[in-house]
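The values are calculated or read from the model by the stated rules, or taken from the named source; none is laboratory data. In this text the structure is predicted, and so the values were computed from the model without any measurement. So basically every Cβ, Gly included, is an ideal-geometry build from the backbone, and we count neighbours across all protein chains shown. Heavy atoms of the whole protein, side chains included, go into the accessibility calculation; ligands, DNA and RNA do not. Shrake-Rupley method; radii C 1.70, N 1.55, O 1.52, S 1.80 Å.
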Amino acid sequence: MTSTPSLLPCGVSSHDLNALVDYTQGARDALAQQRAGDLDRHVAHCPYCQQTLDSLEHLHTSARTLIDEESAFHAEGPWLEAVLRGLTLETRPGRRIPLAPPRPDVTLDQTEGSLRALVRNRVSDDDALVVRTRLDGELNRHDAHVRIGLTIHVRLGRSIPAVVARVRHNATDIITASTALIVDAVDVVVADTFGSHQEVCA
């Protein structure tokens, strides 16, 4: 039996978490009060929901224009659905990445999922939203060589080459600052744009 694409490993829907962000930011019709309370209590003890909620809160902050006129269609349609699907898939813990050489008395590592979330949240900004991350390489060594794959959306009117260059630089910085992994390359795919045409013409 396959799980619903929008369900996290804990069984909570990423759509409900997105509605919870709307609710906590003042949209009281986004989620029933009792459901919001139940979700809050669950999130307090669930690492899957905490990671996804953190990413969604960052997404809402970075993509404020998604709730504005022309972009409202994207917020309710395929754009948001693709983002939620990506966040759901990336919540999986994945491989365990050593943070230091092995020692008999201490094990220091982190999950692939937590590193993907860190990259996504720290690299996304007002002009670029990271909607998918990929780590390619033999991650069973603390100093493994890796290739980072990022799928991003770029704000309308921004220079795509400049945004891509900044994304590559920031992704490399966060990986090397947080781990001993060696970044061989950062591949960036621009899959979509966001924002309103009014911003471009202003």
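General observations
- Considering residues of the stretch 32-52 that are under 14 Å from residue 17 (Cβ atoms) and among the polar types (S, T, N, Q) only, the residue least open to solvent (accessible area, probe 1.4 Å): 52
- Residue count for the stretch 151-163, restricted to those that are free of Cβ contacts under 8 Å to residues at least 40 places away in the same chain, open to solvent by less than 20 Å² (accessible area, probe 1.4 Å) and over 16 Å from the mean Cα position of the chain (by Cα): 1.
- Here is the figure for the stretch 131-142: residues that are in contact with a Ser or Thr (Cβ under 9 Å, 6 or more places away or on another chain) and open to solvent by 20 Å² or more (accessible area, probe 1.4 Å) total 3.
- Residue check, residue 85 at pLDDT below 85 and within 17 Å of residue 47 (Cα to Cα): no
- Of all the criteria given as (1) within 10 Å of the chain's Cα centre (by Cα); (2) open to solvent by 10 Å² or more (accessible area, probe 1.4 Å); (3) within 20 Å of residue 195 (Cα to Cα), the one not satisfied by residue 116 is (3).
- Counted residues, the stretch 53-63 - those being modelled with pLDDT of 75 or more and open to solvent by 60 Å² or more (accessible area, probe 1.4 Å): 1
- Tally, over the stretch 138-155, of residues that are in contact with a Lys or Arg (Cβ under 8 Å, 6 or more places away or on another chain) and at pLDDT 90 or above: 4
- Test: residue 130 is in contact with a helix residue (DSSP H, G or I) (Cβ under 7 Å, 6 or more places away or on another chain) and modelled with pLDDT of 85 or more: yes
- Residue that is nearest to residue 151 (Cα to Cα), among those in the stretch 166-177 that are in contact with a strand residue (DSSP E or B) (Cβ under 8 Å, 6 or more places away or on another chain) and open to solvent by 20 Å² or more (accessible area, probe 1.4 Å): 168
- Checking the stretch 146-157 against the condition returns a match, with at least one residue being of a type in the set (A, V, I, L, M) and over 30 Å from residue 195 (Cβ atoms).
- Filter pass, residue 193 being open to solvent by less than 70 Å² (accessible area, probe 1.4 Å), modelled with pLDDT under 90 and β-branched (Val, Ile, Thr): yes
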